Amino acid sequence: MRSVSIFGATGSVGQNTVSIIQNNPNAFDVHVVSGAQNTEKLAEIAILLNADLAVTSEPSLLDDLQDRLRGTGIAVAAGRDALLAAATEPVDWAISAVVGYAGLEISLAIAKNGGTLALANKESLVCGGALLNETCRQSGTRLLPVDSEHSAIFQALNGENNAHVERIILTGSGGPFLHMPLEEMAHVTPEQAADHPRWSMGKRISIDSASMFNKAMEVIETKEIFGVDEHKIEVVIHPQSIVHSMVGFNDGSIISHMGPADMRFAIGYALFYPDRTDAGIERLDFTQLSQLDFLPADTKRFPAIAIAHDVMRIGGIAGTVFNAAKEQCLDLFLERKIGFLDMSDLVNKTVHAIDNIGNCDADTIDRISKADKWSRSNVLNLVKVSAK
Ligand code: NDP
Ligand code: MG
């Protein structure tokens, strides 16, 4: 039996992880499950999986969680420090599926344990890729990608020599606004942006997919996980979301990964690695697929990917600045204080104002945290200035 912990268990990736574990009851011994606001779901999951410990990051919800788990024998904790302490407890396998910058320190804590870090929280790599990779290297922790594209690439690279990789082609569905004229995009609402045509995901990543900030994050994630030069990373729009990504080699061969748009393929692959087990995914019927389309990404309507390439060229702390600006813009868009297209404009301005804080390596949590704060306040200042 493998010991496992699930951070962000109440979210979209978390609940998919829970369902795979639930369907394989004799394979896993669940140690920690964590959530934030949704204590009802957290308690339900803790009981379902017979976890040792349930942690909410929200200190004010300790009593609430305690009430829900009284008499079950499941230990309870609350608050950021308790969550980070739980992430340092060694297990064979832990998934970092918290959303946003808050996931970085959780990933780093797991990475110190020497087990397997299944990484859904792409922000960890965008904000602190070098630090996370180095932490894994020092402790012997194995990092397995859980993002669908990166799981696809990882699988395509199985048994290959990375020196022969010529290109990595990330696919993206194009989101709900793929064919919408620019003038209309200026007026879309958060509800429209969160309505993803292919994938069922959390609200924030769904809106990031609509703006292609998610794809932009994934370009940086690719560089950090696979150590490839940024000019080898391409993005192609593939509205059917059947091909999850591709790797091109120096003999002209392309290996692609295909399957239905279901995150359980990537979570299951990381969970059973190096084996494979049925994660309950529907099987593709090729005779029912009328066509597979591939289109270039329109960088005029979706500037995010071009900004990601700037971020990689600038290097240092630029990934942190980029992610924080993007998170701050998403908050403002959700609060209806800025429009959909303002997000890329504000992120672009903030990334290119990095000299105001002085670029440096993203090699300590202190430096990362300072850059994160500066970037968020820079976005807020820009919005204030433009409102005057
Ligand atoms: P969700 O919003 O569905 O879930 C987020 C999880 O994080 C919940 O468990 C939530 O708790 C918890 N959480 C929120 N804020 C905090 C905090 N400050 N501290 C600790 N925990 C917190 O997100 P997703 O599952 O969609 O995404 C999770 C991560 O995986 C993201 O980084 C995303 O980019 C990545 N990812 C997601 C994919 C998907 O299909 N959804 C695909 C590929 C990558 P609660 O709900 O209790 O408040
Ligand atoms: Mg993805």
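The values are calculated or read from the model by the stated rules, or taken from the named source; none is laboratory data. Model, not experiment: these values are computed from the prediction. Every residue, glycine as well, gets a Cβ built from its backbone with ideal geometry; the counts of neighbours run over all protein chains shown. Heavy atoms of the whole protein, side chains included, go into the accessibility calculation; ligands, DNA and RNA do not. Shrake-Rupley method; radii C 1.70, N 1.55, O 1.52, S 1.80 Å.
Computed values, structure above
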{"read-out": "Rounded D (µm²/s) - segment 256-388, Kirkwood Rh over Cα pairs, Stokes-Einstein at 4 °C, 1.567 mPa s", "value": "73"}
{"read-out": "Formal net charge of residues neighbouring Arg2 (Cβ-Cβ distance under 9 Å; K, R +1; D, E -1)", "value": "-2"}
{"read-out": "Virtual spin-label span in nm between Asn133 and Arg336, 7 Å along Cα→Cβ", "value": "4.4"}
{"read-out": "Hydrodynamic radius of segment 273-332 per Kirkwood, over alpha carbon pairs, in Å", "value": "16.0"}
{"read-out": "Evaluated over segment 1-158, the Cα radius of gyration and Dmax, each in Å", "value": "14.9, 48"}
{"read-out": "FRET efficiency estimate (nearest 0.05) - Cβ-Cβ, Ser253 to Asp63, R0 51 angstrom", "value": "0.30"}
{"read-out": "The chain - mean residue ellipticity at 222 nm from DSSP helices (-39,500 (n - 2.57) per run, n ≥ 4, rounded to 500)", "value": "-13500 deg cm²/dmol"}
{"read-out": "Probe 1.4 Å - accessible area at Trp199, Å² to nearest ten", "value": "30"}
{"read-out": "Accessible area of Arg313 in the full protein assembly, 1.4 Å probe (Å², nearest 10)", "value": "150"}
{"read-out": "Principal axis dimensions, largest first and in whole angstrom, of segment 93-224 by Cα", "value": "50, 35, 22"}
{"read-out": "Overall Cα dimensions of segment 144-201, principal axis frame, Å, largest first", "value": "47, 23, 13"}
{"read-out": "Centroid-to-centroid separation of segment 169-244 and segment 341-388 [C-alpha atoms, Å]", "value": "22"}
{"read-out": "Under the Debye formula (equal points on every Cα, no solvent term), log10 I(q)/I(0) of segment 193-268 at q = 0.12, 0.28 Å⁻¹", "value": "-0.39, -1.47"}
{"read-out": "Where only alpha carbons of segment 232-330 are counted, the Rg and the Dmax (Å)", "value": "17.3, 48"}
{"read-out": "Residues in segment 51-85 that a label on Glu40 would reach, taking backbone N under 14 Å of a point 7 Å out along Cα→Cβ", "value": "65, 68"}
{"read-out": "Diffusion coefficient, µm² s⁻¹, Stokes-Einstein with Kirkwood Rh over alpha-carbon pairs of segment 106-160 at 4 °C and 1.567 mPa s", "value": "114"}
{"read-out": "Calculated over the chain: convex hull of Cα atoms, volume per residue (Å³)", "value": "142"}
{"read-out": "Gaussian network model of the chain, springs between alpha carbon atoms under 10 Å - residue of Ser245, Ser60, Ser377 with greatest fluctuation", "value": "Ser60"}
{"read-out": "Gain in span if fully extended, Val385 to Gln15, counting 0.36 nm per residue against the direct Cα distance", "value": "129.1 nm"}
{"read-out": "Helix runs (DSSP H) in the chain reaching 30 Å along axis by Cα, Kyte-Doolittle at least -0.5", "value": "365-387"}
{"read-out": "Cβ-based net charge around Asn162, under 15 Å, with every Lys or Arg adding one and every Asp or Glu removing one", "value": "-2"}
{"read-out": "By average C-beta atoms within 10 angstrom, highest first, the peptides 277-285, 9-17, 226-234, 200-208", "value": "9-17, 200-208, 226-234, 277-285"}
{"read-out": "Relative contact order for segment 252-334, counting Cα pairs under 8 Å that sit 6 or more residues apart, in percent", "value": "16"}
{"read-out": "Cβ-Cβ FRET estimate between Asp278 and Ile357, R0 fixed at 51 Å, reported to 0.05", "value": "0.55"}
{"read-out": "Rel. contact order, % - alpha carbon contacts under 8 angstrom, at least six apart, the chain", "value": "14"}
{"read-out": "Extension gain (nm, one decimal) between Arg313 and Ser200, 0.36 nm per residue minus Cα-Cα", "value": "37.4 nm"}
{"read-out": "Protection proxy ranking, peptides 379-386, 260-267, 350-357, average beta carbon neighbours within 10 Å, highest first", "value": "260-267, 350-357, 379-386"}
{"read-out": "Fraction of antiparallel bridges per DSSP, the chain only, in percent to nearest 5", "value": "30"}
{"read-out": "Equivalent ellipsoid dimensions for segment 47-134 as semi-axes, Å, which come from the Cα gyration tensor, largest first", "value": "26, 14, 10"}
